[in-house]
Amino acid sequence: MNALSRVFAREARLAWAGGGGAAGPAAFFLACISIVPLAVGPQAERLLAMGPGIAAIAALLAVVQTAERLFADDASDGTLELYVLMPVSPALLALAKVLGQAAATLAPLPVIAVIGGIMFGLDFAQSALVGLALLCALPALALIAGFAGALAAGVKRGGLLIALIAIPMMVPALIFSSGAGRAALEGEWDRAWATLLLTLAVSLGTMALMPFGIAAAMRARTG
């Protein structure tokens, strides 16, 4: 556990020291939700209907754009080999690494989603549910992006490869997180809470399985 906590802390520290921490994803997310009215028009009903979906799509893209650095630097400086040789489960190590980076870079996104929901015309309760749904989806999004980042580690200009791998796998989390917000918007709160639980179930399932995929990708990159 001490080794895992150190890996978690290292990733959080590196995210702030070398990548600006949460500033990049937060600015990207905010820019995405801010330019939508300029593209689709100022009609209140249209923006209201699109709010939950736009928040989910913006979060997905913000997570993907953080994935390239997660394993690329470790692959280039030999840290990845040291991780594989550590007397710790590679899957647990991968989980600590991804969640450490996600905690440092993605934490503001649910808060911005609440503000964005209000900006799109949702009331506070509906906006809060959109933010909560995004919070439930973030572990799944981060781990899937981490898996794609591990597969693309050491590949020049791996951002496109990461997007091609990660985005299709993120679709269930995208559907359920935006679906919770849409159900709340329609006043169907029972369905909204049920969909929120499905979003959480997707994240928990991803947390149980995806670290093994990341560990296998790490071994492949060091073998």
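Give ALA194, ALA173, ALA220 a once-over and let me know the one that is of a type in the set (Gly, Ala, Ser) and under 18 Å from the mean Cα position of the chain (by Cα). Spell out the reasoning first.
Numbers: ALA194 fails: under 18 Å from the mean Cα position of the chain (by Cα); ALA220 fails: under 18 Å from the mean Cα position of the chain (by Cα).
Exactly one residue qualifies, and that residue is ALA173.
Only one residue in ALA39, ALA59 is surrounded by fewer than 18 Cβ atoms within 10 Å (Cβ to Cβ), among the small types (Gly, Ala, Ser) and within 30 Å of THR195 (Cβ to Cβ), so which one is that?
Working: ALA59 fails: surrounded by fewer than 18 Cβ atoms within 10 Å (Cβ to Cβ).
None of the others qualify; the one that does is ALA39.
What tally of residues in the stretch 148-176 results from selecting those that are within 12 Å of VAL63 (Cβ to Cβ) and either assigned to a loop (DSSP other than H, G, I, E, B) or open to solvent by less than 40 Å² (accessible area, probe 1.4 Å) (or both)?
Residues meeting the conditions: 7.
Please enumerate the residues belonging to the stretch 93-127 that are open to solvent by 40 Å² or more (accessible area, probe 1.4 Å), touching a residue at least 12 places away in the same chain (Cβ under 8 Å) and farther than 18 Å from LEU60 by Cα.
If the condition is that a residue be open to solvent by 40 Å² or more (accessible area, probe 1.4 Å), touching a residue at least 12 places away in the same chain (Cβ under 8 Å) and farther than 18 Å from LEU60 by Cα, then MET119, GLY121, ALA125 are the ones that fit.
What about ARG191, is it closer than 19 Å to LEU122 by Cβ, free of Cβ contacts under 8 Å to residues at least 60 places away in the same chain and touching a Gly at 6+ places or on another chain (Cβ under 9 Å)?
Values: closer than 19 Å to LEU122 by Cβ: yes; free of Cβ contacts under 8 Å to residues at least 60 places away in the same chain: yes; touching a Gly at 6+ places or on another chain (Cβ under 9 Å): yes.
Criteria met by ARG191.
Six or more apart or on different chains, Cβ under 6 Å: which pairs go from a residue in the stretch 72-83 that's touching a residue at least 60 places away in the same chain (Cβ under 8 Å) and closer than 18 Å to PHE147 by Cβ to one that's assigned to a loop (DSSP other than H, G, I, E, B) and small (Gly, Ala, Ser)? Could you list them?
Listed by first residue and then by second, the contacts come to ALA72/ALA153; ALA75/ALA153; ALA75/GLY154.
The values are calculated or read from the model by the stated rules, or taken from the named source; none is laboratory data. Since the model is a prediction, treat every value here as computed from it, not as a measurement. All Cβ positions, glycine included, derive from the backbone under ideal geometry; neighbour counts span all protein chains shown. The area values use the complete protein model at the heavy-atom level, side chains included, leaving out ligands, DNA and RNA. Shrake-Rupley method; radii C 1.70, N 1.55, O 1.52, S 1.80 Å.
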